[in-house]
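**Q** Let me give you the structure first, and then I'll get to my questions.
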């Protein structure tokens with residue numbers, strides 16, 4: 001019996017690729033590493049129902065696909081697996097059935113009848129549940145239409161050349177690149193490949209060799225949101241007023257759109273993860289700077305919140321002739337918010353190389369080829385869908401060199 005348990009544990013460790021971190025202390029783990037350890041611990045227990053709440057947080061698309069494959073391997077005739085997540089690519093890939101939960105935030109929620117995965121996600125985006133003849137949203141969510149897509153790229157505001165960042169066991173290199181006004185530049189890459197390191201170098205937080213132009217003012221939203229003891233007890237309104245005393249007059253419309261207007265009297269320490277993420281990202285963007293560095297701004301946000309925040313980011317950048325660098329693992333929303341994308345390739349934890357910025361489709365094809373994943377478009381909604389590994393469509397797209405199917 002003990003031997004069987006040991007074999008099962010070793011199999012889980014191998015499937016989730018956590019053998020290198022298994023002897024580390026929990027407090028030393030990154031967000032993505034901790035996520036995989038918790039999934040492993042949950043799955044080792046013998047239950048009839050497994051409930052996984054946002055298992056993709058902090059994980060890149062390669063690791064999300066690994067998690068999806070592992071969760072699929074847990075399915076038996078005598079168990080059920082319930083997955084709660086906001087990544088539509090992941091949910092569509094892993095689910096057999098979708099339940100749509102709709103209602104009014106902070107008031108009530110209603111669970112729909114079960115719907116097939118593809119139809120469930122399409123009906124959610126459409127805002128209309130057909131079986132119940134019920135509209136849950138005034139307008140459909142369109143992921144194939146970007147605001148201000150006709151706004152031309154402006155002059156360069158930041159450049160880098162021959163950049164090297166040596167962190168001992170990890171090295172990041174970037175030959176040359178630039179960011180221009182009126183441009184949202186997405187950042188795409190595996191966990192531990194240097195994306196946050198790159199942002200910190202631009203922000204002047206860590207040392208580097210090479211050249212980064214300095215004639216630019218920067219506002220930076222870090223990946224992990226940690227409040228000091230004093231910050232926990234100031235209200236959202238007080239926090240935003242410190243960043244921009246005139247924020248209500250300048251951004252009143254967005255306060256309502258992003259759901260912040262109802263939080264102004266709440267203390268920062270009382271906010272949920274999604275509320276705090278929205279407030280901190282909003283606070284970053286209301287400052288009058290040239291460049292905004294946003295590290296995983298969509299974490300903990302639901303799909304509708306991600307749409308609203310994406311539109312806000314694009315409107316700020318385009319209307320005020322600014323620039324943004326957005327690091328994000330949700331491919332669907334990274335493509336939606338970005339005009340161009342920087343790709344990070346290499347060996348996680350050891351070496352990273354920066355490519356770009358380049359056109360979205362070229363960048364996505366480069367990255368997906370590296371991780372061996374193909375994505376097609378849903379014919380009804382045009383949303384991206386991950387092909388099953390080694391399926392007919394997967395093989396056809398790989399043979400054609402089309403890893404990301406454009407519109």
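**Q** What nm value, rounded to one decimal, do you get for the distance between residue 14 and residue 139 when each label is placed 7 Å out toward the C-beta?
**A** About 5.2 nm separates the two model spin labels.
**Q** Take each of the peptides 296-304, 37-45, average the number of other beta-carbon atoms within 10 Å over its residues, and list them starting from the highest. Walk me through the intermediate numbers first.
**A** Working: 296-304: 21.0, 37-45: 14.7.
Top of the packing list down: 296-304, 37-45.
**Q** For a label point 7 Å from the Cα of residue 130 along Cα→C-beta, name the residues of the range 367-407 whose backbone N is under 20 Å from it.
**A** In the range 367-407, the label zone of residue 130 (backbone N under 20 Å from the point 7 Å along Cα→Cβ) covers 377-385.
**Q** What distance in nm separates the simple spin-label points at residue 72 and residue 406, each placed 7 Å from Cα in the Cβ direction?
**A** Label-label distance for residue 72 and residue 406, simple model: 2.9 nm.
**Q** What is the packing order of peptides 226-233, 375-382, 48-55, taking the mean over residues of other C-beta atoms within 10 Å and listing the highest first?
**A** With the highest mean Cβ count within 10 Å placed first, the list reads 375-382, 48-55, 226-233.
**Q** Only residues of the range 232-253 count here: report those whose backbone N is under 20 Å from the spot 7 Å along Cα→Cβ of residue 270, or say none.
**A** Only 232-242 fall inside the zone, counting backbone N under 20 Å.
**Q** In square nanometres, what is the average projected area of the Cα convex hull of the chain?
**A** Orientation-averaged projected area of the Cα hull: 22.0 nm².
**Q** If you find the alpha carbon centre of the range 276-330 and of the range 90-139, how far apart are they in angstrom?
**A** 26
**Q** Residue separation times 0.36 nm, minus the C-alpha to C-alpha distance between residue 166 and residue 359: what's the value?
**A** 66.6 nm
**Q** Here is a follow-up. Taking the convex hull of the Cα atoms, report for the range 303-383 its projected area averaged over all directions, in nm².
**A** 6.6
**Q** Which order, highest average first, do 265-272, 21-28 follow once you tally other Cβ atoms within 10 Å for each residue and take the mean per peptide?
**A** Per-residue mean Cβ counts within 10 Å order the peptides as 265-272, 21-28.
**Q** Ratio of Rg to Rh for the range 2-135, alpha carbon only, Kirkwood?
**A** Numbers: Rg = 17.1 Å, Rh = 16.6 Å.
Value, to two decimals: 1.03.
**Q** What list of whole percents do you get for P(r) of the range 18-79, with Cα-Cα distances grouped in 5 Å bins up to the one holding the largest distance?
**A** 3, 16, 28, 24, 17, 8, 2, 0
**Q** What value, in deg cm²/dmol to 500, does the helix sum -39500 (n - 2.57) over DSSP H runs of n ≥ 4 give at 222 nm once divided by the residues of the chain? Don't skip to the end; give the middle numbers.
**A** Working: 13 runs with 142 residues, N = 407.
Helix-only estimate at 222 nm: -10500 deg cm²/dmol.
**Q** Now for a different question. Want the number for residue 117 to residue 257: 0.36 nm per residue separation, take away the alpha-carbon distance, what's left?
**A** Contour length minus the Cα-Cα distance gives 47.5 nm.
**Q** Okay, next question. Please compute the modelled spin-label separation between residue 47 and residue 242, points set 7 Å along Cα→Cβ, answer in nm with one decimal.
**A** 3.9
**Q** Could you compute the FRET efficiency for residue 26 and residue 152, with r as their C-beta to C-beta distance and R0 at 56 Å, rounded to 0.05?
**A** Plugging the Cβ-Cβ distance into 1/(1 + (r/R0)^6) gives 0.70.
**Q** I'm checking a number: the convex hull volume of the Cα atoms of the range 156-371, normalised per residue, in Å³. What is it?
**A** About 119 Å³ per residue, rounded to a whole number.
**Q** How much length is gained on full extension from residue 206 to residue 233, taking 0.36 nm per residue of separation minus their Cα-Cα distance?
**A** Between residue 206 and residue 233, full extension yields an extra 6.8 nm.
None of the figures in this text is laboratory data; all of them are computed from the coordinates on show. Just so it is clear, the model here is predicted, and its values are computed rather than measured. Cβ coordinates were reconstructed from backbone atoms using ideal geometry, including for glycine residues, and neighbour counts include every protein chain displayed.
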